[in-house]
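Participant: Structure incoming, see below.
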Amino acid sequence: MSDLRDNKRVKWPARAVVTAGMPYGNKPLHFGHIGGVFVPADAFARFLRDRIGADNVRFVSGTDCFGSPINEGYRKLVEAGEFDGSIEEYVMRNHEAQKSVLEAYHVSLDIFDGSGIGHAADVHQRVTNAFIERLYENGWLKRTSTLQFYDAQAETFLNGRQVVGRCPVQGCKSEHAYADECDLGHQYAPADLIAPISTLSDAAPEMRPVENWYFDLPAFADFLRAHAADLAADPEVRPVVPQTIAEFLAPPVIFVKNEAYEAYEAVADELPRHAYRPAEKGKASFEIEFESIAARDEARSVLARANIRFRTSKTLVPFRITGNIEWGVQAPVIEGVEGLTVWCWPESLWAPISFTCAVNDERGLPRGSWRDFWCSDDACVYQFIGQDNLYFYGVAQPALFEALRPGGLLDGGDDALALRQTTLVANHHLLFGKTKASSSGKVKPPTGEQLLEHYTPEQLRAHFLALGLDQKSVGFSPKPFDPDEAKRSDPRVADPALKEGALLTNVFNRLARSCFYEAQKSCEGYLPLGPVTPEVGVRARRALRSYDELMHKVELHSVMSLMDEFIRWSNKYWADQIKAADAAGDADARRQVLVDCFFLLRVCTLMMHPIVPVGCEKICDYLSFSFDEFFSWNYDFDSNDELCTAAEIDDARHRIQELPPRFDFFKKHESQYK
């Protein structure tokens, strides 16, 4: 029994779902989508398929077909005369472009449909109805009349992205604030948006009342505190997750500029019970803290009437479920309220459930089999997200899932069928150079297609995974996109994006070629079998064990560091040992070097498979093994004999394919050859 099989520190689920968010259906994918979320999620999903079996893994995502960004993007193109199709055709065009780019980067989704596309759309509508109706039955939905922006000149209510202003949340540095959220994920009441302007008319919009359904998120404060405490106590949970949740669990606070203190004093008695805190040294605002969100909202009205400007703190506020724009998933009719659509954020939270159902439908599995992945104690859902979205996935989603109890989704009241909380894999920002880039911001990042004009997908995959986004925001600085033309054209300036690619195109290639060419030269084109040298076996199993533990923590940059060290060690072992065998003229020693190094090549290829799958699968092909048997962790890893038939073991060799001269398993991009 190997050290790996005896690893008590790692316990993998029997089944797993991996999600990668949902890109809006109004634009192509830029490098942040790909390198920050999709490639890390794909590497982890590929590893899980190798580790626990492909049939036990669902890797799901899709285009977010609805929401105000889609409406606004479509409107602008039509008005500019750049698109003359329907909004459905607009979304589908973007969806197909996104799907094509993901395929180009070898992202191996089991489904990439959309919330409004194909069979997944029908399933999503059914899941949406069930989710909202269960929330209502359990008493967690409230019908609330709120003020919504209305453009009197255009004579229409405005969706979220048709209103721009400044975020009212204290300390926010967002460049873009919309009707009720900013691009850093802060939520607020539309009436609090500072200096709102309609994008339709460039006029200041009015506020008019509308009715919608809201989820009582503040009622789950105690649950979320306990949930955040559990996460903080788990050493494998990234600290940013519980820290961000905790930020929203503070009491509601209003910040008022110090110069407005006298005006505040004049109306203080009209405010609900509150605590006044003077400004800390060097701060420009004093604070007034309230006992509840309702009390804070009452105070907002008093302060507004007194013309006192203020900002609000992060806190739990009712979470909007429905909206009033036409383009969206239809909301079920409750209490006779018709014509509502579901706000894109809540329905995108349960969309991965819909996608899992759709995949299982495609595979002919029972309709309820999705629960094996989302409800079972021996299953786990891993959600790869950007830290900007932690409010939705870390605050709103856990409360929504808890609110379905007793019971779960699409069932009766059996609590054994309740949704399990998910594991959030939150990455920090992938910067463009030193700047947070956004396709809607001033700094336009390169798209996925543009990067592939200069790099191979595997070079970029390896680089993205090595950046360490689990620890901090990191800059992506591809030399062909450097704004400094002198640096772009200077051959002495190295390209940071090629650092990991050199491991593939130089070292890993060299190890693989050396093994194959030597087998063709001295072993008649066979892979020699037999026990590996003890030092090699111990070193390989130690690497496998470390890799397994790092993957369990989803420390992908540490995985890349481990692989850099192990591949280089393996290549050096080859060079040193074959040189010694040649010097001694020892044919048996030469054969043992091949036994050892083909074993090291196998282990390297297995561990690099999630990272650079295409090149690794080429190695497997030339080794003449099937993918299913080769890319599996269900071995003792004591020699290559365990991959072979009894007859091959008796013969002590396994036939491999002939490798052409100067063959590369991992190629450079054609632009990189001089």
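The values are calculated or read from the model by the stated rules, or taken from the named source; none is laboratory data. Just so it is clear, the structure is predicted and the values come from calculations on it, not from any experiment. Backbone-built Cβ (ideal geometry, glycine too); neighbour counts: all protein chains shown. For the accessible areas, the whole protein counts, side chains as well, though only heavy atoms, and no ligand, DNA or RNA atoms are used. Shrake-Rupley method; radii C 1.70, N 1.55, O 1.52, S 1.80 Å.
Participant: What do you reckon, is residue 249 open to solvent by less than 20 Å² (accessible area, probe 1.4 Å) and either touching a residue at least 60 places away in the same chain (Cβ under 8 Å) or in a helix (DSSP H, G or I) (or both)?
Facilitator: Spelling it out, it is not the case that residue 249 is open to solvent by less than 20 Å² (accessible area, probe 1.4 Å) and either touching a residue at least 60 places away in the same chain (Cβ under 8 Å) or in a helix (DSSP H, G or I) (or both).
Participant: Identify all residues within segment 625-655 that are under 24 Å from residue 47 (Cβ atoms) and among the small types (Gly, Ala, Ser); write none if there are none.
Facilitator: 626, 632, 639
Participant: Right, next: Out of all the residues in segment 550-561, is one or more among the β-branched types (Val, Ile, Thr), in contact with a strand residue (DSSP E or B) (Cβ under 6 Å, 6 or more places away or on another chain) and in contact (Cβ under 8 Å) with a residue 60 or more places away in the chain?
Facilitator: Within segment 550-561, the first condition is being among the β-branched types (Val, Ile, Thr), and the residues that meet it are 554, 559.
Adding the requirement that they be in contact with a strand residue (DSSP E or B) (Cβ under 6 Å, 6 or more places away or on another chain) leaves 554.
Add one more test, that the residue is in contact (Cβ under 8 Å) with a residue 60 or more places away in the chain, and what stays is 554.
Checking segment 550-561: at least one residue is among the β-branched types (Val, Ile, Thr), in contact with a strand residue (DSSP E or B) (Cβ under 6 Å, 6 or more places away or on another chain) and in contact (Cβ under 8 Å) with a residue 60 or more places away in the chain.
Participant: Regarding segment 220-237, can at least one residue be identified that is open to solvent by less than 60 Å² (accessible area, probe 1.4 Å) and in contact with a strand residue (DSSP E or B) (Cβ under 6 Å, 6 or more places away or on another chain)?
Facilitator: No, because not a single residue in segment 220-237 is open to solvent by less than 60 Å² (accessible area, probe 1.4 Å) and in contact with a strand residue (DSSP E or B) (Cβ under 6 Å, 6 or more places away or on another chain).
Participant: Confirm whether residue 280 is over 17 Å from residue 194 (Cα atoms), open to solvent by 20 Å² or more (accessible area, probe 1.4 Å), among the charged types (D, E, K, R) and outside any loop (DSSP other than H, G, I, E, B).
Facilitator: On the way: over 17 Å from residue 194 (Cα atoms): yes; open to solvent by 20 Å² or more (accessible area, probe 1.4 Å): yes; among the charged types (D, E, K, R): yes; outside any loop (DSSP other than H, G, I, E, B): no.
Considered against the rule, which asks whether it is over 17 Å from residue 194 (Cα atoms), open to solvent by 20 Å² or more (accessible area, probe 1.4 Å), among the charged types (D, E, K, R) and outside any loop (DSSP other than H, G, I, E, B), residue 280 comes out as no.
Participant: Right, next: Counting only residues that are at pLDDT 95 or above and closer than 25 Å to residue 419 by Cα, which one in segment 23-42 is nearest to the chain's Cα centre (by Cα)?
Facilitator: 37
Participant: Here's another thing I want to ask about it. Mind checking whether some residue in segment 355-365 is more than 28 Å from residue 119 (Cα to Cα) and part of a loop (DSSP other than H, G, I, E, B)? Show your work before the answer.
Facilitator: Kept after step one, since they are more than 28 Å from residue 119 (Cα to Cα), are these residues of segment 355-365: none.
The answer is no, given that none of the residues of segment 355-365 is more than 28 Å from residue 119 (Cα to Cα) and part of a loop (DSSP other than H, G, I, E, B).
Participant: So, one more: Might you let me know whether segment 81-102 holds any residue that is open to solvent by less than 20 Å² (accessible area, probe 1.4 Å), of a type in the set (Val, Ile, Thr) and within 30 Å of residue 456 (Cα to Cα)?
Facilitator: So far as segment 81-102 goes, yes, one or more of its residues are open to solvent by less than 20 Å² (accessible area, probe 1.4 Å), of a type in the set (Val, Ile, Thr) and within 30 Å of residue 456 (Cα to Cα).
Participant: Also, quick follow-up: Looking only at segment 625-674, count every residue that is closer than 24 Å to residue 510 by Cβ, assigned to a loop (DSSP other than H, G, I, E, B) and either open to solvent by less than 20 Å² (accessible area, probe 1.4 Å) or of a type outside the set (S, T, N, Q) (or both) and tell me the total.
Facilitator: Residues in segment 625-674 being closer than 24 Å to residue 510 by Cβ, assigned to a loop (DSSP other than H, G, I, E, B) and either open to solvent by less than 20 Å² (accessible area, probe 1.4 Å) or of a type outside the set (S, T, N, Q) (or both): 19 in total.
Residue by residue, here is whether (1) assigned to a loop (DSSP other than H, G, I, E, B); (2) surrounded by fewer than 17 Cβ atoms within 10 Å (Cβ to Cβ); (3) among the acidic types (Asp, Glu); (4) at pLDDT below 90 holds:
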residue: 391; (1), (2), (3), (4): no, no, no, no
residue: 397; (1), (2), (3), (4): no, no, no, no
residue: 416; (1), (2), (3), (4): no, yes, no, yes
residue: 424; (1), (2), (3), (4): no, no, no, no
residue: 441; (1), (2), (3), (4): yes, yes, no, yes
residue: 445; (1), (2), (3), (4): yes, no, no, yes
residue: 454; (1), (2), (3), (4): yes, no, no, no
residue: 463; (1), (2), (3), (4): no, no, no, no
residue: 467; (1), (2), (3), (4): yes, no, no, no
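Participant: Tell me, which strands (runs of 3 or more DSSP E) wholly within segment 122-216 include 3 or more residues that are out of contact with any Ser or Thr (no Cβ under 6 Å at 6 or more places or on another chain), open to solvent by less than 30 Å² (accessible area, probe 1.4 Å) and in contact (Cβ under 8 Å) with a residue 60 or more places away in the chain?
Facilitator: Counting at least 3 such residues, we get no strands (runs of 3 or more DSSP E) at all.
Participant: OK, next. I'd like the residue in segment 325-347 that is open to solvent by 60 Å² or more (accessible area, probe 1.4 Å) and touching a residue at least 24 places away in the same chain (Cβ under 8 Å) and, out of all such residues, is nearest to residue 395 (Cα to Cα).
Facilitator: Applying the filter and picking the extreme gives 330.
Participant: I want to confirm something. Restricting to segment 159-178 and keeping residues that are in contact with a Phe, Trp or Tyr (Cβ under 6 Å, 6 or more places away or on another chain) and within 25 Å of residue 327 (Cα to Cα), which single residue is modelled with the highest pLDDT?
Facilitator: Only one residue fits best here, namely 163.
Participant: Scanning for something open to solvent by 20 Å² or more (accessible area, probe 1.4 Å) and more than 29 Å from the chain's Cα centre (by Cα), does segment 505-512 turn up at least one residue?
Facilitator: yes
Participant: Got a sec? Which of 150, 136 is at pLDDT 95 or above, under 22 Å from residue 324 (Cβ atoms) and among the aromatic types (Phe, Trp, Tyr)?
Facilitator: 136
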